[in-house]
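Student: Here's a structure for you.
The values are calculated or read from the model by the stated rules, or taken from the named source; none is laboratory data. Here the structure is a predicted model, which means the values were calculated and not measured. Reconstructed Cβ throughout: ideal geometry from the backbone, glycine too, with neighbour counts over all protein chains shown. Protein only, heavy atoms only, side chains kept; ligands, DNA and RNA dropped before computing areas. Shrake-Rupley method; radii C 1.70, N 1.55, O 1.52, S 1.80 Å.
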Amino acid sequence: MANLGKPPDFDVVVIGAGFAGLGMLRRLREENGMSVQVYETGDGVGGTWYWNRYPGARCDSESYVYCFTFSKELLQDWDWSGKYPEQPEILSYLNHVADRFDLRRNIQFNTRVTSARFLEDTSLWEIETDQGDRVTAQFLITGIGCISSGNVPDIKGLDSFQGEWYHTGSWPHEKVDFAGKRVAVIGTGSSGIQSIPVIAEQAEHLSVFQRTPQYTVPARHGTVDRKFIEEKIKPNYEEVLEKARWSVGGFPIDRDERSALEVTAEERLEAYEAGWAEGGIRFLGASFKDISVDRRANDTMSEFIRNKIREMVSDPETVEKLLPTDHPFGSKRPLIDTNYFDTYNRENVELIDIRHSPIQEITPNGIRTEDEEYEFDMIVFATGFDAMTGTYFKMDIRGRNDLSLKEKWSEGPKTYLGLQTVGFPNMFMITGPGSPSVLSNMPVSIEQHIDWIADLLQFMRDGDIKSVEADENAETAWVAHVNEVAEPTMYMLADSWYLGANIPGKPRVFMPYVGGVGNYRKKCNEIADNGYEGFILDAGRR
Ligand code: NAP
């Protein structure tokens, strides 16, 4: 009770200084006039792009839409050099934003939030860090990323390995030298398929340990098309961005509104070839409307990609191992690569199928599978993340009645709109589970949440409202809706991290919202227009 009446140390504590944290800080400080403290584990800004420095790391969103949009000047001034932004350039961009908008003065680096507790008598959050901070704030906002808690599988013997080993999601800041080394890469998701071709060019020998064969589409990466940017994008930026904001996936592209099954086989092939030639998101995003919901439609695209693999890889045995047949295209995160399949035509690269001969242990000298022992100087784990919930559970977050978030979400995350969870008043999640988040171009979804949260905080301040909490019925209905829209999609037909299937023991629940960023934005706007329907606004506390 000692805190009653005492103002909090900050209006808002934000966790994380990636896209989400930086944007939230700027918006609340500059436009809402609030006091904000950001805590960041790393020694610099960047979030995902600070940690994921592995060779070949770049974003799958085309660069002109992978950015903040709050500043017209920033949009006009910044020039990306590549069609897709590369990790070092995204990191430079985020550092530029931090400097240009003077954000660093409210960020405490090298500081991990260890716990956050809701104090019921005052409706404040008390936040503690590993640096000994203990502060209070009216609001707690997480900008901790959806894919930020690295997963190094629990393989017997890793401690005994005498070479070097790395996880792609916490790559060293110093250059890792592959020259003359025998390297193993375990994992063929986005991080694996980006790093494998680059490592293959540098290492003496590369062995790729593949559990699930993947569909992947050529990125057609290259330098940015300056004429396109100067003539089509920069003069029309607002229009381009509006299109992205109201689209399905956060990209300003038009989908083919025909069914893949209503056109002739020749027309279909022509459309797929055109998408393949353009590459990247344009292959899937601009394709027929029913690829992600109709298995027969999907089969046509899946088979098209399998045929491309047959054409690209010369060794028939390797082709067989690479062909994805156990899940439809798009049921796992679609992959976008540069020279991935070509890499298997190199003399110094071999593919090891660990679906049929699983890894038994890591030995002092390498990796032993059921069939064979291999020797390595270096192992790269491209084995993914405990996505969407893992980073939350690394902190001890406790709401009303001392309820821990980990306990509340023990059967899978439950949220209202992916923004709040019942029992945790005044806490917001930027791109939390139950929002489009990882199924979209992230900055579009991040900025939508930033603006929506900031508008609500302003509404509360104007109305002298002290606390806000999602209503139980609204949350239950939203969770049911998230499941209902996911159910008929291809997403339910693979063991993916979207379903938590990559982490032993994790509940199998589809975590992001598949209804599309435009529909979701509309829903959020309507809820706000109706006086924040489904949220309990309380003027009484504090
Ligand atoms: P991921 O997609 O989860 O892939 C992990 C890989 O490791 C999979 O091939 C998986 O096999 C394998 N694996 C996991 N545990 C294993 C084990 N115990 N033994 C053997 N193999 C194992 O992880 P990621 O590649 O880091 O990507 C995660 C997400 O981050 C992506 O889906 C994407 O959203 C994002 N990302 C984006 C970009 C980009 O924009 N370009 C780049 C990197 C990451 P299974 O398939 O059998 O599970």
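Student: Can you go through GLU128, GLU89 and tell me which one is modelled with pLDDT of 95 or more and either in a strand (DSSP E or B) or more than 16 Å from the ligand (Cβ to nearest atom) (or both)? Full working, then the answer.
Tutor: Working: GLU89 fails: either in a strand (DSSP E or B) or more than 16 Å from the ligand (Cβ to nearest atom) (or both).
Exactly one of GLU128, GLU89 is modelled with pLDDT of 95 or more and either in a strand (DSSP E or B) or more than 16 Å from the ligand (Cβ to nearest atom) (or both), namely GLU128.
Student: Among the residues of segment 494-542, count how many are of a type outside the set (D, E, K, R) and more than 30 Å from LYS243 (Cα to Cα). First the steps, then the outcome.
Tutor: We begin by selecting, within segment 494-542, every residue of a type outside the set (D, E, K, R); these are 494, 496-505, 507, 509-520, 524-525, 527-528, 530-532, 534-537, 539-540.
Retained after the next criterion (residues that are more than 30 Å from LYS243 (Cα to Cα)): 494, 500-505, 507, 509, 536-537, 539-540.
Counting residues in segment 494-542 that are of a type outside the set (D, E, K, R) and more than 30 Å from LYS243 (Cα to Cα) gives 13.
Student: Give the number of residues within segment 152-170 that are over 18 Å from GLU373 (Cβ atoms) and open to solvent by less than 30 Å² (accessible area, probe 1.4 Å).
Tutor: Going through segment 152-170 one residue at a time, the tally reaches 3.
Student: Would you point out the residue of segment 292-303, among those that are touching a residue at least 60 places away in the same chain (Cβ under 8 Å) and part of a loop (DSSP other than H, G, I, E, B), that is most open to solvent (accessible area, probe 1.4 Å)? Quick ask: steps written out before the conclusion?
Tutor: First pass over segment 292-303, keeping only residues touching a residue at least 60 places away in the same chain (Cβ under 8 Å): 292-293, 295, 298, 302.
Cutting the leftovers down to part of a loop (DSSP other than H, G, I, E, B) gives us 292-293.
On the way: SER292: 57, VAL293: 78 Å².
Per the criteria, the residue is VAL293.
Student: Scan segment 319-328 and tell me whether some residue there is within 16 Å of the ligand (Cβ to nearest atom), farther than 15 Å from TRP276 by Cβ, open to solvent by less than 40 Å² (accessible area, probe 1.4 Å) and out of contact with any Leu (no Cβ under 9 Å at 6 or more places or on another chain). Can you show your working first?
Tutor: Taking segment 319-328 and keeping what is within 16 Å of the ligand (Cβ to nearest atom), we get 321-328.
Next, from what is left, pick out any that are farther than 15 Å from TRP276 by Cβ: 321-328.
So of that shortlist, the ones also open to solvent by less than 40 Å² (accessible area, probe 1.4 Å) come out as 322-324, 327-328.
Those left that are additionally out of contact with any Leu (no Cβ under 9 Å at 6 or more places or on another chain): 323-324.
The answer is yes; a qualifying residue exists.
Student: Sticking with this one: In segment 361-387, what residues are out of contact with any Asp or Glu (no Cβ under 6 Å at 6 or more places or on another chain), surrounded by fewer than 18 Cβ atoms within 10 Å (Cβ to Cβ) and not in a strand (DSSP E or B)?
Tutor: If the condition is that a residue be out of contact with any Asp or Glu (no Cβ under 6 Å at 6 or more places or on another chain), surrounded by fewer than 18 Cβ atoms within 10 Å (Cβ to Cβ) and not in a strand (DSSP E or B), then PRO364, GLU370, ASP371, GLU372 are the ones that fit.
Student: Now for a different question. How many residues does segment 128-151 contain that are touching a residue at least 12 places away in the same chain (Cβ under 8 Å), out of contact with any strand residue (DSSP E or B) (no Cβ under 6 Å at 6 or more places or on another chain) and surrounded by fewer than 19 Cβ atoms within 10 Å (Cβ to Cβ)?
Tutor: As a first pass, look at segment 128-151 and keep what is touching a residue at least 12 places away in the same chain (Cβ under 8 Å): 128-131, 133, 135-151.
If we keep only those that are out of contact with any strand residue (DSSP E or B) (no Cβ under 6 Å at 6 or more places or on another chain) as well, we get 131, 133, 145-146, 148.
Filter again for surrounded by fewer than 19 Cβ atoms within 10 Å (Cβ to Cβ), leaving 131, 133.
Number of matching residues: 2.
Student: Something else about it: Based on what the data block shows, is ALA184 touching a Lys or Arg at 6+ places or on another chain (Cβ under 6 Å), under 30 Å from GLN360 (Cα atoms) and crowded, with 17+ Cβ neighbours inside 10 Å?
Tutor: no
Student: Here's a follow-up. Looking at segment 492-507 only, could you name the residues that are within 23 Å of PRO324 (Cα to Cα) and within 13 Å of the ligand (Cβ to nearest atom)?
Tutor: If we filter segment 492-507 for residues that are within 23 Å of PRO324 (Cα to Cα), which is where we start, we get 492-504.
Selection gives ALA494, ASP495, SER496, TRP497, TYR498, LEU499, GLY500, ALA501, ASN502, ILE503, PRO504.
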